[in-house]
Amino acid sequence: MTDNKNYRTLVLLLLTLVYAFNFIDRQIIGILSPFIQADLGLSNTQLGLLKGIVFALFYTIIALPIAWLADRYNRVNIVSTSLAVWSAFTALTGMAGNFLQIGLARIGVGIGEAGGSPPSHSILSDLYPKEERGSALSIYALGIPIGLGFAYFIAGIALGNPGSGFDWRQLLIWLGIAGVGLAVIVRIVIREPERGAQEASDTGEKPTSPPFGEALGILLSIPSWWAMCLGIAFASFAGYAFSTWQIDYLLPFDGSSEKPVGFKNMMFTLGFINMFAYGFGTWLGGYLADRFAKRNNNVRAYALIPAITVICALPLAVLSFWVPTVWAHMAVITIFVVFLGMYLGPSFAIAQTLAPINMRAMSTALFFLILNIIALGGGPTIVGILVDVFEPAHGKVHAIRISMTWVSLSFIISAISFMIAAKNLPKDWAAAEKRNEAVASE
């Protein structure tokens, strides 16, 4: 038993590291965007497209067929191959010479990353029972703040030392090489777990996966699954816009783009804030949801905690862009990102728990399809368009400030969605338990 617990912990940590690479490669464009924009002569709208819909569209569409494969074939092979693919395209991003080339490279990154989370969520759900799944998937979700933190650290080290001769291109190339190396380790270390192991019957027979259309219909018929999905999507709409445009706001606001040492200090500070404050919030959300749901025998906690935290995040998000100094901004976002991380673990846990055990990868893929079309595709892209609209009259800093204020209102839609989920969750949870018992006993 101890060996099994140690092994599943190793798998959890390794998949969390893969997810961290996922976010490093995804979000590094937002951190490097002032340098990329200056080098390639891109408009704010083009920059928004690269950060948003160009990546998100292919990422979300390709995720569905990959998830269909992951519910049937070896998930470890899919994760390791996907990691190698997106890492190779990250390296190619560093070789781009114009908008078309960097756009195609970002599409490649998106296609590769589509095979990361759905099979990873499915693997972890076969290693952890539903009572521990919120906590386990919150640890997995720590890949987001860890990835963001390291992305800031790496950018600060690489571009904050004028004498190093390192530029954004070399940074992306070396990140790609490191990701390919990690893919080899994942393939060697992780073993494919028994599918549906936590709900399996004594017969030892593995549940078979239904046809694609049937799986889709089942998932879309669960009200609280839909509501949780929209809740995380509209919260992340503001979250992605925030993370991808924050540096474009801070550098001209502070003048650090002309002071490499100031840039380095800023990157290190943002790295620590994302890694520790955002990381703490990400862990805390899953821990509290599991604890309150178990102690009070009320699964509504998985939706109520996200609803409360996104409402708390709204005024902090707006305030952070209207305070008078960079360090006041840093102080506000330290609190903001704690709340921003707390909805992740409970939302991921519900996506897995409400899904039949033979379509968990499909559940995560469809979850991410809706989430990322709205959030990753919409948030950064819309901010880029709004900045081009407001910049001629207000300047870039104030244009981003106005744009982010409007975009932050999506937290209200998110809170409403989570409250709807809370209303339907007990009924849907009970139905999911019966459905999974039936599937496991087939």
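Only the coordinates and a few stated rules stand behind these numbers; no lab work does. Keep in mind it's a predicted model, so treat the numbers as computed, not measured. Reconstructed Cβ throughout: ideal geometry from the backbone, glycine too, with neighbour counts over all protein chains shown.
Work out the length of the dipole vector of the chain about its Cα centre, built from +1 on the beta-carbon of each Lys and Arg and -1 on the beta-carbon of each Asp and Glu, and round it to the nearest 20 debye. The partial results should precede the final answer.
Values: 27 positive and 25 negative charges, 79 e Å.
Its charge dipole is roughly 380 debye.
Given axes a ≥ b ≥ c from the Cα gyration tensor, I'd like to know whether the chain is rounded (a/c under 1.5), prolate (a/b larger than b/c) or oblate. Provide the component values of the computation, followed by the final result.
Working: a/c = 1.88, a/b = 1.48, b/c = 1.28.
Cα axes put the chain in the prolate bin.
Quick one: check the C-alpha center-to-center distance for region 54-88 versus region 299-324, whole angstrom.
About 31 Å separates the Cα centre of region 54-88 from the one of region 299-324.
GNM on the chain, C-alpha springs below 10 Å: top fluctuator among 419, 228, 362?
419
List nothing, just return the count: lysine pairs in the chain, 8 or more apart or interchain, with Cα separation under 28 Å.
Value for the chain: 20.
At 222 nm, what helix-only mean residue ellipticity would the chain give, in deg cm²/dmol to the nearest 500, using -39500 (n - 2.57) for each DSSP H run of four or more?
So the calculated ellipticity at 222 nm is -26500 deg cm²/dmol.
Which of the peptides 368-379, 316-327, 123-134 is most tightly packed, and how do the rest follow, judged by the mean count of other Cβ atoms within 10 Å per residue? Let's see the in-between values first.
Details: 368-379: 24.0, 316-327: 17.0, 123-134: 21.4.
Top to bottom by mean Cβ count within 10 Å: 368-379, 123-134, 316-327.
Label points 7 Å out from Cα along the Cβ direction at residue 184 and residue 393: separation in nm?
5.7 nm
Shape of region 60-100 from its Cα gyration tensor (a ≥ b ≥ c, root eigenvalues): rounded if a/c is under 1.5, otherwise prolate when a/b > b/c, or oblate?
oblate
Once you list every other residue whose beta carbon is under 14 Å from the beta carbon of residue 143, what net charge do they have if Lys and Arg are +1 and Asp and Glu are -1? Let's see the in-between values first.
Numbers: positive: 26; negative: 25, 113.
Around residue 143, the charge tally is -1.
Compute the relative contact order of the chain as a whole-number percentage, counting only Cα pairs closer than 8 Å that sit 6 or more residues apart in sequence.
On the way: 808 pairs, mean separation 121.3, N = 442.
Relative contact order here is 27 percent.
Take each of the peptides 271-279, 39-47, average the number of other beta-carbon atoms within 10 Å over its residues, and list them starting from the highest.
Most protected by this proxy first, the peptides run 271-279, 39-47.
Which residue, chosen from 351, 293, 29, occupies the Cα position most advanced towards the positive end of the dipole of the chain, where the dipole is computed from +1 (Lys, Arg) and -1 (Asp, Glu) charges on Cβ about the Cα centre?
293
Can you tell me which of 116, 395, 149 moves the most in a GNM of the chain? Springs connect C-alpha atoms under 10 Å apart.
Of 116, 395, 149, the most mobile in the Gaussian network model is 395.
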